[in-house]
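The structure appears right after this line, and notes come after that.
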Amino acid sequence: MMKQALDDPNLRQRGRASVEFMVQMLVASGSLRDAVNADIEAAVPDADALPDDLDARQAYMDEKLADSAAFATQQLVGDWHGRNHGKVAAAAFDEIKGDLEPVFERTAKGAATLTLDPNLVAPDYWDGVDFHRTTGGWDRHPNQGFIHGELIHRKMVARFFPGGIFQQRRNVAAMAPKDHYEKILDMGCSSGHFTVALQETYPEAKVYGVELAAEMLDHAWRTANDNGWDWQLFQRSAEDTGFEADSFDLVSSYILLHELPEHAIKNVFAEAFRVCKPGGDMIMSDVTRYADLDKLSAWKADRGASYGGEPHWRASASLDLAEIARAAGFVDVKAEGMYPHVVQGRKP
């Protein structure tokens with residue numbers, strides 16, 4: 001039996017080779033991207049002349065690139081990768097599932113608590129959505145939290161993500177204005193990567209997390225136990241956390257909002273304001289605002305999101321999150337950064 005850790009697990013040969021293939025497939029497509037960019041530059045010499053409407057811009061670019069073999073190939077490669085990366089990761093997990101049983105047994109004990117809601121009714125915008133084109137969404141596999149958090153994120157995404165996905169989370173956590181917080185809420189905590197960053201940045205804090213997917217929460221709970229942290233995790237919506245008003249010194253989220261439609265984003269900010277203590281802080285991060293991009297870059301982001309299984313990306317990227325934070329009641333609001341785009345505020 002192979003020695004395993006909860007994070008950075010050792011894969012068997014077939015799974016390791018398959019995961020490596022998925023990574024190298026994207027790495028090797030750099031020359032293809034260069035060819036596509038050359039075709040785009042030739043077809044669109046003036047990006048400012050592109051249509052203002054995003055749908056019209058998509059149609060215009062499709063017409064201009066209709067004869068580009070590089071563009072067509074890039075779309076096929078991206079589509080195949082999007083449909084298969086989750087399947088490859090799940091198959092790699094199934095090979096080592098037996099090896100992980102002692103790890104799962106050990107990390108089911110500890111100071112962290114996990115409260116699931118067997119009667120939870122998922123919001124319409126969440127139920128049945130294949131996030132990131134993962135077939136079946138976050139519910140497809142009983143260990144989807146581990147598969148997504150430790151195989152897809154750590155073994156695939158982290159390999160070609162500029163600046164490092166885990167350092168990026170620590171950077172955002174450290175942007176909160178105070179050096180110490182007693183009680184922190186992570187809204188939409190998923191498998192716990194940003195929750196880890198919050199705990200490591202504010203080691204004395206009591207950390208809470210809410211998330212809709214039980215499978216994601218399960219992995220976050222095991223991560224907390226593995227590190228001796230006493231997180232309290234709940235299967236609840238970020239729109240309706242169930243906590244008392246004025247409960248938290250810091251309310252936060254990391255790259256959650258683009259998974260939500262506009263009305264839900266506004267509800268999340270309203271809920272963040274409600275549960276934040278007077279004088280407490282809010283820090284939310286999300287994807288790059290289209291307003292901060294030129295028309296061509298916004299088209300690339302929008303097309304990538306539409307092919308990447310992100311039905312609400314456009315809505316989120318088109319919003320002024322700072323204004324939404326002010327409308328919720330936060331003051332001293334500021335927004336900065338491209339990716340992630342970070343919004344901060346204080347409850348008076």
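Checked against the criterion of being open to solvent by 40 Å² or more (accessible area, probe 1.4 Å) and touching a helix residue (DSSP H, G or I) at 6+ places or on another chain (Cβ under 6 Å), the candidates ARG154, ARG140, ARG159 yield just one match: ARG159.
Does GLU239 satisfy the criteria of being of a type in the set (Asp, Glu), surrounded by fewer than 24 Cβ atoms within 10 Å (Cβ to Cβ) and farther than 26 Å from ALA315 by Cα? When the stated conditions are applied, GLU239 does not pass them. Of all residues in region 160-181, those satisfying the criterion of being within 16 Å of the chain's Cα centre (by Cα) and either at negative phi or of a type in the set (A, V, I, L, M, F, W, C) (or both) are PHE160, PHE161, PRO162, ILE165, PHE166, GLN167, GLN168, ARG169, ARG170, ASN171, VAL172, ALA173. Among the candidates ALA220, ALA301, single out the residue that is free of Cβ contacts under 8 Å to residues at least 40 places away in the same chain and within 25 Å of HIS153 (Cβ to Cβ). Within the list ALA220, ALA301, the selection yields ALA301.
Taking only region 304-348 into account, find how many residues are part of a helix (DSSP H, G or I) and open to solvent by less than 30 Å² (accessible area, probe 1.4 Å). Can you show your working first?
The initial filter retains those residues of region 304-348 that are part of a helix (DSSP H, G or I), namely 304-307, 313-317, 321-328.
Within this subset, residues satisfying the condition of being open to solvent by less than 30 Å² (accessible area, probe 1.4 Å) are 305, 316-317, 321-322, 324-325, 328.
Matching residues across region 304-348 total 8.
Taken as a whole, the condition of being free of Cβ contacts under 8 Å to residues at least 60 places away in the same chain and either more than 29 Å from HIS263 (Cα to Cα) or among the hydrophobic types (A, V, I, L, M, F, W, C) (or both) does not apply to PHE93.
In the set (1) open to solvent by less than 60 Å² (accessible area, probe 1.4 Å); (2) of a type outside the set (A, V, I, L, M, F, W, C); (3) under 20 Å from ALA158 (Cα atoms); (4) touching a residue at least 24 places away in the same chain (Cβ under 8 Å), the condition left unmet by ARG83 is number (1). Looking at region 55-67, can you tell me whether even one residue there is of a type in the set (Lys, Arg), open to solvent by less than 50 Å² (accessible area, probe 1.4 Å), modelled with pLDDT of 95 or more and within 22 Å of LEU293 (Cβ to Cβ)? Yes, because at least one residue in region 55-67 is of a type in the set (Lys, Arg), open to solvent by less than 50 Å² (accessible area, probe 1.4 Å), modelled with pLDDT of 95 or more and within 22 Å of LEU293 (Cβ to Cβ). The residues in region 4-51 that are in contact (Cβ under 8 Å) with a residue 12 or more places away in the chain, open to solvent by 50 Å² or more (accessible area, probe 1.4 Å) and not in a helix (DSSP H, G or I) can be counted, and the count is 4.
Residues that are open to solvent by less than 60 Å² (accessible area, probe 1.4 Å), over 12 Å from ALA213 (Cβ atoms), in contact with a helix residue (DSSP H, G or I) (Cβ under 7 Å, 6 or more places away or on another chain) and not basic (Lys, Arg) do not occur anywhere in region 126-135.
For region 187-242, residues that are assigned to a helix (DSSP H, G or I), under 15 Å from the mean Cα position of the chain (by Cα) and hydroxyl-bearing (Ser, Thr, Tyr) total 1.
Does ASP230 count as touching an Asp or Glu at 6+ places or on another chain (Cβ under 9 Å), open to solvent by 30 Å² or more (accessible area, probe 1.4 Å), touching a residue at least 12 places away in the same chain (Cβ under 8 Å) and farther than 18 Å from ALA174 by Cα?
Working: touching an Asp or Glu at 6+ places or on another chain (Cβ under 9 Å): no; open to solvent by 30 Å² or more (accessible area, probe 1.4 Å): yes; touching a residue at least 12 places away in the same chain (Cβ under 8 Å): yes; farther than 18 Å from ALA174 by Cα: yes.
For ASP230, the condition - touching an Asp or Glu at 6+ places or on another chain (Cβ under 9 Å), open to solvent by 30 Å² or more (accessible area, probe 1.4 Å), touching a residue at least 12 places away in the same chain (Cβ under 8 Å) and farther than 18 Å from ALA174 by Cα - is not met.
Tell me the residue from GLY145, GLY110 that is more than 26 Å from MET338 (Cβ to Cβ), at pLDDT 85 or above and open to solvent by 30 Å² or more (accessible area, probe 1.4 Å), please.
Values: GLY145 fails: open to solvent by 30 Å² or more (accessible area, probe 1.4 Å).
Within the list GLY145, GLY110, the selection yields GLY110.
Kindly establish whether ASP286 is more than 24 Å from MET61 (Cα to Cα), free of Cβ contacts under 8 Å to residues at least 60 places away in the same chain, crowded, with 19+ Cβ neighbours inside 10 Å and in contact with a Pro (Cβ under 8 Å, 6 or more places away or on another chain). So ASP286 passes the test.
The values are calculated or read from the model by the stated rules, or taken from the named source; none is laboratory data. Quantities reported herein were computed from a predicted structural model and do not represent experimental measurements. Heads up, the Cβs are rebuilt from the backbone with ideal geometry, glycines too, and the neighbour counts pull from every protein chain shown. For accessibility, only protein heavy atoms count, side chains too; no ligands or nucleic acids. Shrake-Rupley method; radii C 1.70, N 1.55, O 1.52, S 1.80 Å.
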